[in-house]
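K.L.:
Before we start, here is the structure in question, set down as structure tokens.
The values are calculated or read from the model by the stated rules, or taken from the named source; none is laboratory data. In this text the structure is predicted, and so the values were computed from the model without any measurement. No Cβ is skipped: glycine too gets one built from the backbone with ideal geometry, and neighbour counts run over all protein chains shown. The protein model used for the area step is the full one, side chains on, heavy atoms only, and it has no ligands, DNA or RNA in it. Shrake-Rupley method; radii C 1.70, N 1.55, O 1.52, S 1.80 Å.
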Number of protein chains: 2
Amino acid sequence: MNHLLIVAHGSRREASNEEIRFLANHLRTITNPFDNIDCAFLEIAEPSIPDGLRHQIALGAKKIVVLPYFLSAGRHVAIDIPEQVDQVAKEASHVEMTIAPYLGSSKKIGELMMQQAIAGLGI
Amino acid sequence: MNHLLIVAHGSRREASNEEIRFLANHLRTITNPFDNIDCAFLEIAEPSIPDGLRHQIALGAKKIVVLPYFLSAGRHVAIDIPEQVDQVAKEASHVEMTIAPYLGSSKKIGELMMQQAIAGLGI
């Protein structure tokens, strides 16, 4: 059982949190190798990362990939997310947890930016 | 003269700001319809959005596309960036300024996320 947990920052604007839940739903509809896809939030919104991981463990996850939905490798990506994941990993040594490369590190980000920029140019 | 200004939040971690400058450099190297590509920051880092826009105007920009390098449509995207762009647009009515759809609104974000997640799965 391979599970994916998308981790976003969490916002006081509930609409921003809903965007993440919508994305998690969307990812379930595209071809993917995961038995389950959920989202969780570093701060402010629910579920927290530990709660999200524990829920997936309760569902029978054997391997959980945590995907940081962040554009840059700041403190949240480098320190805060790994700390919260480690906390749960210690409780559940039978479950393998890995943190995927954060979204902004994708080599295709430049291409996506250019597409958005061209949309703005209106040509 | 069509110019592109990539706008990121700005970070206390200079490495994060350097990532944005690196991305702007990268975008110059791929096929694109812009005569000039620069970056600017909403807060903390330099140049500010008004300074970035004024620099492009001084270089002869006739149309400037501002691309919000943000994943969600929070206050920064909805209010702060438009306010700062409007401020300069009032000074330079001969220059057309448009704000492109923010990065996270790209329909391809889901695909990119899945690629990163699969990289994390290590298969």
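K.L.:
Where in region B:1-33 are there trypsin sites (Lys or Arg not before Pro) that are in a DSSP coil and have at most 14 other Cβ atoms within 10 angstrom of their Cβ? Could the numbers behind the result be given before it?
P.N.:
Values: sites: B:12, B:13, B:21, B:28; in loops: B:12, B:13.
For trypsin sites (Lys or Arg not before Pro) across region B:1-33 that sit outside H, G, I, E and B with at most 14 neighbouring Cβ atoms in 10 Å, the list reads B:12.
K.L.:
Using only DSSP helix segments of four residues or longer, with each worth -39500 (n - 2.57), what per-residue ellipticity at 222 nm results for chain A after dividing by its residue count and rounding to 500? Could the numbers behind the result be given before it?
P.N.:
On the way: 4 runs with 50 residues, N = 123.
Only helices count here, giving -13000 deg cm²/dmol.
K.L.:
Here are some pairs, A:107/B:108; A:63/B:107; B:63/B:108; A:62/A:108; B:62/B:108; A:107/B:63; which of them have Cα atoms lying more than 22 Å apart in this structure?
P.N.:
Details: A:107/B:108 13 Å; A:63/B:107 28 Å; B:63/B:108 26 Å; A:62/A:108 30 Å; B:62/B:108 30 Å; A:107/B:63 28 Å.
Long pairs (Cα-Cα over 22 Å): A:63/B:107; B:63/B:108; A:62/A:108; B:62/B:108; A:107/B:63.
K.L.:
Follow-up. Sort shortest first the distances from residue A:90 to its counterpart in every other copy, using label points 7 Å along the Cα-to-beta-carbon line, and give them in nm.
P.N.:
Sorted ascending, the copy-to-copy spacings read 5.4 nm.
K.L.:
Which listed residue (A:115, A:41, A:30) has the Cα farthest towards the positive end of the charge dipole for chain A, taking +1 on Lys and Arg C-beta and -1 on Asp and Glu C-beta about the Cα centre?
P.N.:
A:115
K.L.:
So what are the radius of gyration and Dmax for the Cα set of region A:80-121, in Å?
P.N.:
Answer for region A:80-121, Rg first and Dmax second: 17.2, 51 Å.
K.L.:
For the residue pair residue A:1 and residue B:96, what label-to-label distance in nm results when each label sits 7 Å from Cα along the Cα-to-beta-carbon direction?
P.N.:
According to this spin-label approximation, the distance is 5.6 nm.
K.L.:
If you don't mind, another one. Quick check on the protein assembly as shown: what does the Kirkwood estimate of hydrodynamic radius come out to from the alpha carbon pairs, in Å?
P.N.:
Values: mean 1/r = 0.0530 Å⁻¹.
Taking the inverse mean of 1/r over all distinct Cα pairs, the protein assembly as shown comes out at 18.9 Å.
K.L.:
Oh, and also: Out of every Cα pair in chain A, what percent are spaced more than 25 Å from each other?
P.N.:
Working: 1944 of 7503 pairs.
Tail of the P(r) past 25 Å holds 26 percent of the pairs.
K.L.:
Okay, moving on. Quick one: which residues, 5+ away or cross-chain, put their amide H under 5 Å from the amide H of residue A:37? H built at 1.01 Å from N.
P.N.:
A:4
K.L.:
Could you check the simple spin-label distance between residue B:54 and residue B:107, using points 7 Å along Cα→Cβ, in nm with one decimal?
P.N.:
Placing both labels 7 Å along Cα→Cβ, they lie 4.0 nm apart.
K.L.:
Then there's this: Ordered shortest first, which distances in nm separate the 7 Å Cα→C-beta label point of residue A:43 from those of the other copies?
P.N.:
1.0
K.L.:
Given 0.36 nm per residue, what is the gain on full extension from residue A:78 to residue A:119 after removing their alpha carbon distance, in nm? It would help to have the intermediate numbers written out before the result.
P.N.:
Numbers: separation 41, 0.36 × 41 = 14.76 nm, distance 3.26 nm.
Length difference between fully extended and current span is 11.5 nm.
K.L.:
Could you run the numbers on buried accessible area between A and B, total for both chains, 1.4 angstrom probe, in Å² to the nearest 100?
P.N.:
Values: alone 7610 and 7610 Å², together 11380 Å².
When A and B are taken together, about 3800 Å² of accessible area is lost.
K.L.:
Students often check this: by mean Cβ neighbours within 10 Å, which of B:35-42, A:84-91, B:72-79 ranks highest, and how do the rest follow? Walk me through the intermediate numbers first.
P.N.:
Working: B:35-42: 20.6, A:84-91: 14.6, B:72-79: 17.2.
Result, highest mean Cβ count within 10 Å first: B:35-42, B:72-79, A:84-91.
K.L.:
How many angstrom lie between the C-alpha centres of region B:48-78 and region A:12-76?
P.N.:
One Cα centre to the other: 31 Å.
K.L.:
Report the normalised scattering of region B:37-92 as log10 I(q)/I(0) at q = 0.25 Å⁻¹, calculated by the Debye formula with identical scatterers on the alpha carbons.
P.N.:
-1.10
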